[in-house]
Structures are given as structure tokens and as C-alpha cells.
Amino acid sequence: MNGPMVAFACLAGLTLYSAWRVATAPQVTHAALFLAATFAGVAGLFFLLQADFLAAVQLLLYAGAVMTVVIFAIMLSEMREVESDARGWRSLLLSPRLGIVPLVGGVGLAAILLSAYHRAAPSWPLSPLPAAPDSTRFIAHALFHAYALPFEVASVLLLAAMIGAIILTRTEGGAKG
Amino acid sequence: MLAWAPLVPALPLAAYVLHLIFGRRAGERTALFGIVALALSTLLSLAILVQVAHGAAIDRSVPWLRIGGLQVRMGFAVGPLEAVMLAMVSFISCFIEVYSMGYMHGDRRYNRFFSNVTLFVAAMLTAVIANNLLLFFAAWEVMGLCSYLLIGHWFEDPANCRAATKAFMVTRIGDVGLLLGIWWAFSLTHTFSFAALPGALGAMHLPAATLDAIALLIFLGAVGKSAQVPLQIWLPDAMAGPTPISALIHAATMVAAGVFLVARTYGIFLLAPAALHWVGIVGGISAFIPATIACVQTDIKKVLAYSTISQLGYMMLAMGVGAFEAGIFHLLTHAFFKALLFLAAGSVIHAAGTQNMHEMGGLWRKLRTTGATFVVGTLALAAIPPFSGFWSKDAILRAAWASPDRALYWLGTIAAGLTAYYMTRAVVLTFFGRPRDAHVQEHAHESPAVMLVPLVVLSVPAALLGWVVDRPLRQLLTPHAPAAAAAGVYGFLPLLLSLAGVAVGLALYLGPLARREALLRSPLVRPVYGLCKRLWFFDDLGAVVMYAVGLGPSYVIGAFDRYVVDGVVNGIGWLAMAFGRLWRKLSTGNVQAYMLTMVVALAIGLVALQAMGG
Amino acid sequence: MIAAQGIPLVAFLAVAAVLFCIGLFAALRRANAIMVLMGIELMLNAVNINLVAFSRYSAPADAARGQAFALFVLAVAAAEAAVGLALVIIVSRRRNTIEVDKIDTLRG
Amino acid sequence: MNFGAVWPEIVVSGVGTLLVALDPFVSAARQRWFGYVCLAGLLLAGLLTLGEPVGGGSVLGGMVTLDGFSMLFRLIFLAAAALVVLLSLDFILQRGKDLGEFLSLLCFATTGAMVMAISRDVVSLYVGLELLSISSYVLAAFLRDESGSHEAGLKYLLNGALASAILLFGLSLTYGLTGQTSIPALTHGLASALHTGYAPVVWLAVGMVLAALAFKIAAAPFHLWAPDAYEGAPTPVTGYLMVVAETAGFVALLRIVDTGMGPLAAHWGPWLAGLAIFTMTVGNVTALWQRNIKRMLAYSSIAQVGYVLVGLAVATPGGVSAAIFYLVAYLFTTLGAFAVIAALSVRDPGDAITDYAGLGRRSPALAVVLTVCLASYVGIPATAGFMGKLALIGAAVHGGMAWLAVGIAVNSAISIGYYWTVARTMWVDPAPADGGAVAVSPAGATSVALTLVGVVFLGILPQAFFWLSHWAGAGILR
């Protein structure tokens, strides 16, 4: 086990364990915290892959902005009936709605994906190629040249999403929302 | 004059538009739109017929669509066959509309009736002059739609709706075949043109099986429309419509369109002898079985309906044995005498207020004119010389005798005897003997002149058309055909059987009732009688087939229907409903259930792709 | 600087695949609509691991595409989350619940 | 960087921004002007589209291709959006909602669809798809106080987001296999990946992309979200989703699957064929059970999707052009039906089929148009739907999949059942005692008339559109 291998194992373990807890933690607040941990783990994986810029965006956008919105939403919806997710291991194995059927679906899909990868494994590269020295610069270059159109469209998209979120949530004329 | 032929359908179409716009305001005067237009069409088509008789013909088209390198043309063509059909259709429909003025008087949907009839005639005439299968098919579908609307004219009675839907669905089975045949032929030859198709198909040196399949698919359309066995089950039910509709659409014109289709694509059938033989077989069976069923019907319109199927069978039989011109001849004579019979029956129903012949009897005294015309029609249908039916039926059976498959001749000949028998039975039950129902007798009165005039007018061609046009028509349609082979004594056998049929009918039905009942109880007759009464189980069979493919409406299921819960909504195949219900249940409203369904489908797809792609 | 030297590409792919399925599992099982959304966010994260890993292991000329793609996925995911949470807030106000299996008046 | 190629998109999104910016300054009484501004913008964008050169090459860093396909579909989306604007003016104003915001979201969604039409790269195609989808989620929930509307929005979003994730996973695999995101490059890259040991992963990518796009077009069994979303959404939005969102899904399917995965057609063709038959059957048989007209039309639209899929499944140029033609026919037919439904529900929100009793007497014009649209759905001659079915049946027979043609024929026979119910209710059943004549505004009447003209024109003189769809579909399969 060399250094990168150990780092990879730790980050992968953190990511997958936290993700599992997002799916299974009885308390919604706990699940939200594990979600943040998952995002951080993914950012770490990006870092390991020398995608520094993406790692930073991941931390800022997800662990920062998205998590804030999640917490807000949980508070705004006043935690109503959140307990009904508070079903532990027992429901995971017994409840068709909240456990066993989704579990079989997830595990089945994972098995399909992994087996396909396994059969293609001899063809995948074993080691990364030398990376560009400055990932931020080459992403910027790509965004402003090849991907200029989607970049502009994405800005329209964020505008549309913002307008949409405002339209949906604002309260009108003093009436209770 | 020939170049004006598109006006023949265009005039009724214009009348249809007038019906739509002014119909409601015009009250019962609305009928005049259609009658005037059809009178003009009749004059025009007679003029065309005269020109065609002198050797003129026309086939004109314009480019309509260009898809890739393909060009589809639209246009019309008039030759001998089309000219004869145009004249017949416009003439009969004009008089039927006149008759309907009286018959439908006071109906709450008077305008709707006339507008639909006019649209139907426009579509029928379009189908006749179309020079390509595509336009023909479009008009053919509009005819089906009008037939559907008119069968269900009195839709307050659910039985009528049921009959309408049954007719629509059953004929659609044929239409699916026809459409596939059209597309198949088109994809091979890149043309829809009637004139070009046989040559193009013939030049391709296709395997015989392909040609047979194309011809049989086209024939399937004809089987549906012309109510041939086994798709005949819709026609008797279609009698639920007003009687003028039965006369026009379900006797004289639309049902004959199937025969016309075979005649129009005869070049294709000539390339496929096996398919042509099947046309003859289906025709022979359709001539025979419904004739037996007609012998045991009590409803006067049902007798005529089964007789129509039987006569259409003769026409198909003629096509199948290569006697193209004899088939068209019979189509022509049949159109007149069967329209006459239906209109006369309508007059009887109008007078008696019932369709059950067992409640009639002795009406001759009250309905002289109607009775006389009905008898003329009967003699024509029973093929008693010199009435028109004799000439055309004789031509068909002579040709059948000359053909390799003599079984067809025997089927047709026996059916001729049966025809004479059941028509004699109908006449006697209706008009002669002692009145069986005092109320009916009291109520009966002769119909108004507006109904009687068409009857009298139609009875002239019904009586005389046969020997008048026999030779000219043959020369017009097949100028170079050899004279029919001499059939010796077998040429006279059909006539003898017809006379025998009349004699048996008179003997049984003018005689005492007890003799008839004794006969029915005899072990030899009873099973045959039961089989005929049960319509040879065709309706049951049809129901089972429709049910099995989940295609037909559930109420086609005839007897079974009564046990199916009424809640099974307005009639689509029970299987389709059950399948739909299953999918509706999956739509539970729960998002996660939807997601799960999606994921399961994805997983199945992925596994299958992996397994198949390796 | 730690680099991914010595780790085969398929290891990253496997992590992404498992993360994708865990996200799916969360989306299918959590009753709370917010958590369903978060499950889908996990799936999008898995997509991004895929994209970045592929980009790192492919020719330099192709590398930028994967990372740019991943950036668009991030931006879209944020927008989707914003609208999704707005919808959840509306539903919670009108119905006093944010449990997806109780939001089922449209059906059949 | 030259943005000249995307002027139409810039204009439409610019109008969207303008409407929302002006919104606070315009009094409620003058909101109708937003509609006219929006229509003018869409018209301008249409003219600009027509003025674009059609070269087939790529511009904007390889993101965009200006071929016949992109031009035709841009125009389709603009026309559909303009019709929806016409039929939504009164609907939205009558409910006291903010027309400016509604129309701006409509413009954004249309921008997204147009971006999809011109994209030759999966990244811009994906971003366009998401712009369309996210705007659509908000539009579906626009009447947020009505319980159906916000429920529709939430369900649409959750399902749509899941489908997006699956689509992205598939696309990330195609990127990994080829190193490319441009669609023409995928065409070659995927074919060669098949022979270098990556076959199992290629199938994963194909399967996931197909499933996700099947979701977007609402093909069974990925359709379960659609009836709920379509029933609950505001009526004009339902029309918009059925036409624009589904057509955009077909654009993605044509570009990514037919073009990008073209060399694998022998593998996905049969799957699409199966999907087509299954979708049309499920759509039709489930529609038989519906009592709500929007929900019934939702299932009917699923069935129509099945018909269009036939054209894609045969994977021939004729099939592609038949599918494109059918999409145009479907546009007019669906928007015609929704123009009538929206005109009726301006005042009366009832969507049950029984609410249409006696419409033939209360408003013969609307009833005639709806009947014509239903006839077009069934495929009665002289309507757009008939020509479309004819083209599809022809393509299926030509492409050696005659059984698909039989499927279309049998299914259109089944579909008569439920379309007939509506027609009978309108023309036969007596009107309710309180049902007076229906008043239709000029905007509503215009949308009804335009769609009627479209349906009948396509049914009688389809030549021009056959030619257009042939021209547009020419570059799809290679």
C-alpha cells in the first residue's frame, strides 16, 4: 500500500459510508450532516485526481451553498413528521416500502454495473497520465472557448431557477403563504 | 364531357357542405340539397356512360406528393366499369333520397340523416372514379364512417350503437389487411395507380407467394366491406339503421364496393391464380351459407340482409372463376332489385309497424303497390326469367360450370334454389294468407306517393335490366371475350331449382301450419334448422376470435355479452380493458413507486443488453 | 502533492458506481422529499467522480472536456436543488407534510 | 467567439429576461401586453432562424450545427411556444396570476429546447435539456395554490431529476469510452470501443441513455410520471409539456441515439421497436379507463409517442423523416385539443369528460375543432394524423418491420374507444341545465383557428411538410 492508495481507501470509505448513512440515518438532521461529509469525501477524491478547481467548487457549492439550502428547507418545513423516517435497521430488512425492495433495486443495479466493469477491467488504464500543471487554467480555457455556448446557457438556467424558486416560495399580499 | 367526371362526386359533396351550413334552418326542405345535386350527378353520369359506350375513356392525374425520389400522383379515371358504376350509384341514391323524404318525415335528426347520406354518396362516387388506391382507400374509409353514423342514426337504443360499432370494427379488420396490401404493393412498385400496378408487379418476376399474399390482403378488405364469410357477421346487425340506409349502403352500393375493388384490381388477381381461386371459394361459401340462414329468419329485413350477403357471394364467385363481366352484371342488377326490395320492405314496415313477418300476413289487400313491387323484386332475386336476376345469375353459373372448380357451380346452384324458396316464403308470410295480427292489419295503410314513386321507378330496371343490357354490357366490359361455353343440361339446372324453390315455398307456406310444424320436428330437418337458426355459429365464432385478440368491442361477444357486467365500459375488447386496468393500477400516485418501476425496467434492459451484446 | 499514481481507473469507477446506487437507494427509500432530492444529488456526485476520473486517465487533449462537463453538472445540480427545495416548501405549507408517499392525490 | 449563430436563442431568452424585469412596473390591467411582446419576440426569433445559413458545418467551438434538422426543430419549438402563449393569456390572467413571470419561464424553457435542436455536443444538449426541464418544473407548479399543480411540479421534478442522473451516468460513460463529447465523434468512438474490450460498458451507456430519454419522452414503462404531471399542471402548460418537452426528448433521442450511437443501430433498433409497441399499447389501453380529459389526453400522448418511436426504431432515413412528420402533425393536433380545453376552462375549471356534455350545442365551433383533433389522433383521412400514420406505416413496411405497422393499425382501432367517448359526450349527451354558450376571447379563437388550419392542411396537402421532414432528417443517420 503506497500513499495514494491509502488516501484513496480512506476517501472512498468516508464517501461511501457517509452516503450509506444518508440513506439510512433515522434522523433527518443526521442524514444532512452525513450528506455534507459525503460531499467532502467526493471533493477529496477530486483532489486526489488533481482536479483542484472542481474540488474547490464542490466544497463551496455543495458543502456550502447546497447544504445551507437543505438546512433552510428542513427548518422552513418545520421538521414536520420527520420522525417517520426514524425507522432503523429493522425497517431496512423488513419493510417493503422503506427497505427491502429499494435495497434489492440498489444492490441489483450495483451488481450489474460492477460486473460490466469487471468484464471490461483488462482494458481500463492502470495509471493516470501526467496531468496538466494548472487545471484551473485549462478548465477556464475550455469554458470560454469550446464550451462557451453551454456556459451561457447555464447562466440562463441559473437565472430561470432563481426566478422559479422566487415565484414559487414568495408569499402574496399578506395572506398566509 | 369525360373531363367533367369529378363533378359527379363534387356535386353531392357541395350539397353536403350546404347541409352543414343551412341544414338546420332549412327544416325538411334540407333534403332538396342532396336530391338536386344527385339528380344533376345522375344526368352527368348518364352522359358519361353514353360517351364511354362509344369508346371514350380518360385517366388523368396530377403530382401530389414527392417523398425522396418517389412521386405520388392523384387523379381520376373513367372507363366502362367506372361509368357503369357511376350511373348506377347516382341513379339509385337519387331515388333513395326521394324515398327517404317520406320515410324519415318527422325524424328528429332529419338534416343529419340527409347530410350523412349525401356525404356517403360523395365518398362512394369518389371511390369509383379514383385512379389510385390511396384516394380509393380514403374514400373507402369515409364510406365506412358514414355507414357507422347511419347505422347508429337512432342511437337512443343502445342496440343500434352496438350494431354500428360492430360494423365499424369488423370492417376495420378488413381495412387493416387492405392497407397492408396497398403498402406492400406500393413499396415494391412505387405506384398506387390502378392502371400501372398490375403491369409493374408483373414485370418484377416476384415469387408466386408474394403476389398471392398481396392479392389476398386486398381481398381481405373486400371481404370486410362486402360482408363475405367469415366477416359477414356485421351486415345483419347493420339492419338496425333506417331502411333507406339498408337499401342504399347495405345492399346497393357500399357492400358492392368490395366487389368493385376486386374488379378494379383484377389485373393483380390475374397474376395470382391461387388467390383468385380463393376469391371464388369465399364467394361460393358466402353464397351458400347465408342463403340457408335466410330460410329461417323471421325479420323481413334480416331475410334481405342474408340474401344480400349471398348475392355478394355470387359476385365474388364470378370474380373467382374469371367471369369478371358476369360479376359486374350481377352487381348492377342486384343493386336495382335489392334496393327495390329494401324500399318495399321499408314501405311494409312503415305500414305495419313491425319487422316480424309472423305478425304480418294478408297485407296484399291494403298494400297493392308495395306488394306488386316487392313481388317484382322477388322474381328478379329468385332468378325467374325474364326478370333481371335471371340473366346475371345465369351468366355466373355458366361460367362456374366452365371453370375447373365445379364445386363452386354446385354451391351456387343449390343457393339459387334456396334463394327462390326463402323469398317465396317472405312474400307469402308478408302479403298472403290470413292476417295473423289484427292490430297490424288495422294499422296498415299504403305509403305516401313520395315513397311509392321511387318503388315504381326502380321496379322497371329490376324487371327489365337483365335482357336489355346483357349483351351490350358484356361487349362494353370485355369486348373480345369468347362466347360462354355451352353447359348443356347443367345450364338449366339453376332455373329448375329456382322454380322448385318457389313451388316448395308456396306449398309449405300457403298450406296449413300443422304441416310445417310436423316437418320441423322431423329428425332430418331439425338439426339443419337449428344450425341455420344459430347462424351457423358464426357470431359465436366471431365473438371468440375478437375476444381472443382483444381487438373487438366486448359487446361483439353476442350471447356472452349478456353475462358481462355492464360496467365494462362502452365496448372495447375485454382484454384491452384488463390490460389497461393493470397499468392504471401501477399509477398509484406514489413518486417512489414510479421511480422504482423505472429502475427495474432499466435493470432488466441492462441485463438483456449485456446478455445479447456479449 | 498526493497523486493517483498506482490506483487503477476502475477503482474510481467502482466507487462511483456504488455511490450512484446508494444515492438511488436513498431516493427510493427516504420518505422525506428533501432527502429524496439529496439522494439524487448523491447520484450526480457519482457522475462527477466518473467524469473527473475519466478525464484524469485520458489523453491530455481530451482531459478538459470531462472536467468542464463535471462543472456543468455541478451548476445544474445546484439549480435543480434550489427549485426542488422551493417546491418542497410550497408543498409543506399547503399540505403540512413533506412525505412523498402522502403526496398522491393525482393517480390512476 | 461569434455568437451570430444563436441569435434566435439570444432573442428568446432576452425576451424572457425583459418580461421578468419589466414585471414590477406594469399594472395588472396592462399585463396582456406581455403576451404581445412575447409573441413579437418569438416571431422575431422565427424570422432570424429563417435567415440563418444552413450549412451543416459546425460553429461556436463545435457546439452547434446549423443543418436542416436544427432549423426545422427551432421553428417547431417557436411555433408551439407562440400557440401556447395565445392559449394561455386568458387562462393565466383569469386566475389572477402574474403573466410576465409565466411567459418569461415559457421563454426560458423554449430557449432550452432550441439549444437542444442546434446542439452537436452532448454537453450543450444536456444543458439545454436541463434549462427546458427546470423551467418546466416551475411552470407545472405555477398555480401553486391548487393542490394538483404543486403536486405535479414536485413529482415531475423528482422523477425528472432521477432520469437526468441516469442520463448523465450514461453520458459520462460515453465520454470515458471515447474521450469526446461531440456527437459525431461519439459515432466513431463508440463503434471502435465495442471492439477494444469495452463492450459491456458500451451496453451500459446505451441502456442508460435509452432509458433516460425514454423517460423524457414518456415511453412506457418509463411513463408513470407523465399522467400525474400532465393532469395537475395548468392546462396551457400541459399542452406545452406534451408538445415541446416530448418533442425535445425526441430531438435528444435522434441526435444522441440515432446519430451518436448510429453504428450500433442493429442493437438498439429492436429495443426501440419493442418500446414502441409497448408504449402505444399501454398508452391506449390505460386511456380507456380515464374520466378526466387531461389525463386521458396524457395517456393518448403516450400512445402517440409509441407511434413516433416506430419511425426511430426502423432506423432508416424514411423512418426518421416519418417520425419528424408525425411530430409536426402531433404538435398541431395536441395544441388544437388544448386550445379548446384551455378556452373552455378559462372560467370553468372542470376537466371531467362529462363536463363536455352538449358542447356541440353550446359551442359548435369548439366542438368541431376538438372532434377534428380527435379524428386526427385516431388517423381518420384528411387529417394530419392520418398522413402521419400513413408515413409511419410506410416506413415500417419499407424497413422490414411490418409487424410494427400492424401494431399501429391495431392500436388506432383500440384508441377509437376512448376518443369516441369524448366525441359522443360532446355531440350526443344533453348539455347541463346551467351550461350556456361558451365565450372565447380573440387570442383563444386565434389559437384554435391556427391549429385547425394546421391539422387540416397537413391532412390534405402534406407535400411541403413531407419534403421538410425529409430534408431535416437527412443528416441524422450516418
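The values are calculated or read from the model by the stated rules, or taken from the named source; none is laboratory data. Everything quoted here is computed from the prediction, not taken from an experiment. Don't worry about glycine lacking a Cβ; one is built from the backbone with ideal geometry, like all the others, and counts go over all protein chains shown. Please note that ligands, DNA and RNA were not included when accessible areas were found on the heavy atoms of the full protein model with its side chains. Shrake-Rupley method; radii C 1.70, N 1.55, O 1.52, S 1.80 Å.
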query: Could we say that D:Ala445 is of a type outside the set (Ser, Thr, Tyr) and part of a loop (DSSP other than H, G, I, E, B) here?
result: no
- prompt: Which of (1) under 10 Å from B:Pro244 (Cα atoms); (2) at pLDDT 90 or above is the odd one out, the single condition B:Tyr103 does not satisfy?
  reply: (2)
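Under the condition of being assigned to a helix (DSSP H, G or I) and facing chain C (nearest Cβ under 7 Å), which residue from the stretch A:59-77 is farthest from the chain's Cα centre (by Cα)?
Per the stated criteria, the residue is A:Leu76.
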- request: Examine the stretch C:71-85 for a residue that is open to solvent by less than 10 Å² (accessible area, probe 1.4 Å), touching a Pro at 6+ places or on another chain (Cβ under 9 Å) and free of Cβ contacts under 8 Å to residues at least 40 places away in the same chain, and state whether such a residue exists.
  value: yes
- request: Quick one: in the stretch C:57-70, of everything that is within 7 Å of another protein chain (Cβ to nearest Cβ), among the aliphatic types (A, V, I, L, M) and assigned to a helix (DSSP H, G or I), which residue is surrounded by the fewest Cβ atoms within 10 Å (Cβ to Cβ)?
  value: C:Ala64
- request: Can you confirm whether the stretch D:50-66 contains a residue that is surrounded by fewer than 24 Cβ atoms within 10 Å (Cβ to Cβ), in a helix (DSSP H, G or I), more than 19 Å from the chain's Cα centre (by Cα) and not β-branched (Val, Ile, Thr)?
  value: yes
query: Mind checking whether some residue in the stretch C:18-31 is within 14 Å of chain B (Cβ to nearest Cβ), within 20 Å of the chain's Cα centre (by Cα) and in a loop (DSSP other than H, G, I, E, B)?
result: yes
message: I'm told B:Trp140 meets every condition in (1) surrounded by fewer than 21 Cβ atoms within 10 Å (Cβ to Cβ); (2) within 12 Å of chain D (Cβ to nearest Cβ) except one. Can you identify the failing condition by its number?
response: (1)
field: Pairs, first closer than 15 Å to B:Val98 by Cβ in the stretch B:241-261, second open to solvent by 10 Å² or more (accessible area, probe 1.4 Å), C-beta under 6 Å, six or more apart
entry: B:Pro244/B:Tyr103
- prompt: Are any residues in the stretch B:92-106 open to solvent by 30 Å² or more (accessible area, probe 1.4 Å) and touching a residue at least 60 places away in the same chain (Cβ under 8 Å), and if so, which ones?
  reply: B:Phe95, B:Val98, B:Met101, B:Tyr103, B:His105
task: Kindly provide the set of residues from the stretch B:163-219 that are assigned to a helix (DSSP H, G or I), surrounded by fewer than 21 Cβ atoms within 10 Å (Cβ to Cβ), without any contact (Cβ under 8 Å) to a residue 60 or more places away in the chain and more than 14 Å from every other protein chain (Cβ to nearest Cβ), ordered by number.
output: B:Ala200, B:Ala209
message: under 18 Å from D:Val251 (Cβ atoms) and assigned to a helix (DSSP H, G or I): which single residue out of D:Ala337, D:Ala303, D:Ala323, D:Ala298 fits that description?
response: D:Ala323
query: Looking at (1) of a type outside the set (Ser, Thr, Tyr); (2) under 30 Å from B:Tyr490 (Cβ atoms); (3) in a helix (DSSP H, G or I), which is the one condition that is false for B:Val456?
result: (2)
message: Could you check the stretch B:292-337 and list, in sequence order, the residues that are among the aromatic types (Phe, Trp, Tyr) and open to solvent by 10 Å² or more (accessible area, probe 1.4 Å)?
response: B:Tyr306, B:Phe324, B:Phe336
field: Selected residue (only one of C:Ile90, C:Ile49, C:Ile34 is within 25 Å of A:Ala12 (Cβ to Cβ) and in a helix (DSSP H, G or I))
entry: C:Ile49
task: Only one of these is at pLDDT 90 or above, of a type in the set (A, V, I, L, M, F, W, C) and touching a His at 6+ places or on another chain (Cβ under 8 Å): D:Ile302, D:Ile293. Name it.
output: D:Ile302
Selection within the stretch B:528-537 - open to solvent by 80 Å² or more (accessible area, probe 1.4 Å) and either modelled with pLDDT of 70 or more or of a type outside the set (A, V, I, L, M, F, W, C) (or both): B:Val528, B:Lys533, B:Arg534
task: For B:Val78, state whether it is at pLDDT 90 or above, more than 22 Å from B:Ala14 (Cβ to Cβ) and open to solvent by less than 30 Å² (accessible area, probe 1.4 Å).
output: no
message: Within the stretch D:31-54, does at least one residue satisfy the condition of being modelled with pLDDT of 90 or more, under 14 Å from D:Leu86 (Cβ atoms) and in contact with a Gly (Cβ under 7 Å, 6 or more places away or on another chain)?
response: yes
- prompt: Does B:Leu40 satisfy being open to solvent by 70 Å² or more (accessible area, probe 1.4 Å), at pLDDT 90 or above and out of contact with any Cys (no Cβ under 6 Å at 6 or more places or on another chain)?
  reply: yes
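Conditions tested, residue by residue: (1) modelled with pLDDT of 90 or more; (2) open to solvent by 10 Å² or more (accessible area, probe 1.4 Å); (3) within 14 Å of chain B (Cβ to nearest Cβ); (4) touching a helix residue (DSSP H, G or I) at 6+ places or on another chain (Cβ under 9 Å).
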{"residue": "C:Leu44", "(1), (2), (3), (4)": "yes, no, no, yes"}
{"residue": "C:Ser55", "(1), (2), (3), (4)": "yes, no, no, yes"}
{"residue": "C:Arg93", "(1), (2), (3), (4)": "no, yes, no, yes"}
{"residue": "C:Val100", "(1), (2), (3), (4)": "no, no, yes, yes"}
Meets criteria (buried (at least 20 other Cβ atoms within 10 Å of the Cβ), outside any helix (DSSP H, G or I) and without any contact (Cβ under 8 Å) to a residue 60 or more places away in the chain) for D:Ile380: yes
query: Are any residues in the stretch D:293-320 within 12 Å of chain B (Cβ to nearest Cβ) and open to solvent by 10 Å² or more (accessible area, probe 1.4 Å), and if so, which ones?
result: D:Thr316, D:Pro317, D:Gly318
Residue count, the stretch A:1-51 (criterion: facing another protein chain (nearest Cβ under 7 Å), open to solvent by 50 Å² or more (accessible area, probe 1.4 Å) and closer than 19 Å to C:Ile40 by Cα): 1
